[in-house]
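One structure below.
Computed from the coordinates by the stated procedures, all read-outs in this text should not be read as laboratory data. This is a predicted model, so every value here is computed, not measured. Here the Cβ positions follow ideal geometry from the backbone for every residue, glycine too, while neighbour counts run over all protein chains shown.
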Amino acid sequence: MHMADALISPLVGGVMWAATAGITAYGARRLKAGGDDRVVPLMGVLGAFIFAAQMINFSIPGTGSSGHLGGGMILSILLGPYAAFLAMASVLTVQALFFADGGLLALGCNIFNLAFLPCFVAYPLIYRTIVGAHASEKRVRAASILAAIVGLQLGALAVVLETLFSEVSELPFSTFLLLMLPIHLAIGIVEGLLTAAVVTFVGKARPGAWAAAPTVAPLPGSGRLLARWLLLTAITGGLLSWFASTRLDGLEWAIFHSSGREALSAPATDAHSLAAALQERTAVLPDYSLPPAADRSDAGEVAATGGEEEEQWPDVNLATSFSGLLGATLSMLLAGLLGFILLRLRQRH
Amino acid sequence: MAKIESSFLDLDYLDSLAYRDSPIHRLDPRIKLITTLLFIVCVVSFGKHELSALLPFAIYPVALLLLAKLPPGYILRKILLVAPFALGIGVFNPLFDRATLLHIGSLEISGGWISFASLMLRFVLTVSAALILVACTGFDSLCLALARLGVPSVFVVQLLLLYRYLFVLTDEAVRLARARSQRSFGRRGMELPVIASLLAQLLLRTLDRAQRVYLAMQCRGFDGELRLLRPLRIGTTDVAFLVGCTTALLGLRFADQIPALGNAIGGLLSS
């Protein structure tokens, strides 16, 4: 469920970072405006509780697998959406740093999927609506289960969309969706059941527990502000990624298919062309391939000028592969050599 | 259960690495944070079929690992521990992209395998960079860096408190789980109602603890802010490191260095 850095593009990561940074700043401001500093240690300790709770697994009947508490929903019920969002974001940050569970660039995506969606979408729209003003046990149970399911389904959908926009995976949208949604439906039901059980147990054992937890009421008009802000982010992200995919990646795709290389280096300046000329003269493997045969002598020019000759693209010859491999091996050796030298230097000290 | 306990011992160990001393440890945490982010952005910004241009980026984690005297085996184990998710998504690439991209002799390698290898390489690079950042900086210093870089103080305080109580509460959870496993055999006692009451007990204890912590903090004059008193100073070494790394990373990102390298060596061989 945690997105990894390797699965996203900088554009997607950047947009999600911007979005979650905005929400974090907004949540922090709202929390400060609430003026109740009791919430500060409570958030910290409850964040640690989420970690601890994830260590206690339980078996899911009939499947042989085990599940654990996710966290977003129970924190929202205890703390209200703003504090819960910040607590969940901090949990995800620690997971990214110490467990390498989700990366630094993907942190924005993960906070959006696992903190924003349950705290700001599933909790107010599902949980609060069902529970209403008078919380009965039955309502709390139904609301927790449904809200946990919806939160996780939205999260899974977001994972699929983020991966799709990043264009790193080859998985088609529908296949990926069919893989992710059923799994997270099962996880969501389990999490919902557990959340409901914990919430009702605490309600019975200590009836005042929920009332004692400080909640931060949203100021009037803040919802609209947030919505506007989100819309802006979505539009910016959408436009940017559309632009990037039509201009950049489309071009790269065409070049890639016509020449068998990811990108062509553009000899724009004199220095470039001088270096290129030098290279051409000295290299055994000029421009990534062996001296061209007569019938394909113009392949390089075609690729450089337009790159439209589709039929040539699988025609990646041995020499291209060879010089690529040679370069790659050499750079690996260089990294290893550097490591060796540093190791030696260290031992001498 | 032993597995969980050892994984948290690990967590402690990662942070304890930050107390060692090396030129990398002495760098300003802000500088390290920014450089790591730049490295990750550079690595993931390549196209999905790029493999050869990614390899030189391995120099960065290898160099840091050695300069900071970190145990490579430990970092590698942590990377392997979290590999399954990226592996699970990446493994579909060879199934869906079967167009041949590369020939090695008579062996044909499809684009899917190349993008899969590229994905896993990126995964190893980014994860190792993040782990090295924590191992040579430490959590407290990272939080300080975040605060100085303009992250809201409420969030930084939250991170610090979370980290402080993480060990306390996981110890408590481990004790609860151990007590349960000693009173039940096999999978018995693992049912939902049992676990729910365990978790609820833990939650009640947590709420009580939060109340005690709050009162103790109040007694010491807490007003919603944590004041971090460690001075941070960016010196010439820090600037040099940042400039050097930025130049190297951007150079690796935008120069078509692999064929250049191949050509240069080839030129040496032929002359």
(request) Could you work out how far helix B:111-135 tilts from the main Cα principal axis of chain B, as a 0 to 90 degree angle to the nearest 10? (result) 50 degrees
(request) Could you pull out every residue, at least 5 positions away or on a different chain, whose amide H is within less than 5 Å of the one on B:Leu102? Hs are placed 1.01 Å off N in the peptide plane, and Pro or chain starts have none. (result) B:Ile109
(request) Please find the FRET efficiency linking A:Arg128 to B:Tyr74, where r is the Cβ-Cβ separation and R0 is fixed at 56 Å, and quote it to the nearest 0.05. (result) 0.80
(message) Cβ neighbours within 10 Å, averaged per peptide: list B:210-217, B:110-117, B:236-243 in order, most packed at the top.
(response) B:110-117, B:210-217, B:236-243
(request) Enter the mean number of other protein chain beta carbons within 10 Å of the beta carbon of each residue in B:35-47, as an integer. (result) 5
(message) For a Förster distance of 45 Å, can you work out the FRET efficiency between the beta-carbons of B:Cys219 and A:Ala21, rounded to the nearest 0.05?
(response) 0.85
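Evaluate the relative contact order of chain B (contact order divided by residue number), counting alpha-carbon pairs under 8 angstrom at least 6 apart; express in whole percent.
Working: 196 pairs, mean separation 81.2, N = 271.
Once divided by the residue count of chain B, the mean separation gives 30 percent.
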(message) I'd like the mean, over residues of A:85-98, of how many other protein chain beta carbons sit within 10 Å of each residue's own Cβ.
(response) 5
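Calculate the dipole size of region A:5-219 relative to its Cα centre from +1 charges on Lys and Arg beta carbons and -1 charges on Asp and Glu beta carbons; express the result in debye to the nearest 20.
Dipole size: approximately 900 debye.
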(message) I'd like the mean, over residues of A:29-41, of how many other protein chain beta carbons sit within 10 Å of each residue's own Cβ.
(response) 5
(request) Report the extension gain between B:Ile109 and B:Ser184 in nm, rounded to one decimal, defined as 0.36 nm multiplied by the number of residues separating them, less their alpha carbon distance. (result) 21.7 nm
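What number in nm² do you get for region A:1-133 if you take the convex hull of its Cα atoms and divide its surface by four?
The number I arrive at for region A:1-133 is 9.6 nm².
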(message) Just to confirm the number: angle between the C-alpha axis of helix B:236-254 and the first principal axis of chain B, 0 to 90 degrees, nearest 10?
(response) 50 degrees
(message) Order A:125-138, B:131-144 from most to least packed using the mean count of other Cβ atoms within 10 Å.
(response) B:131-144, A:125-138
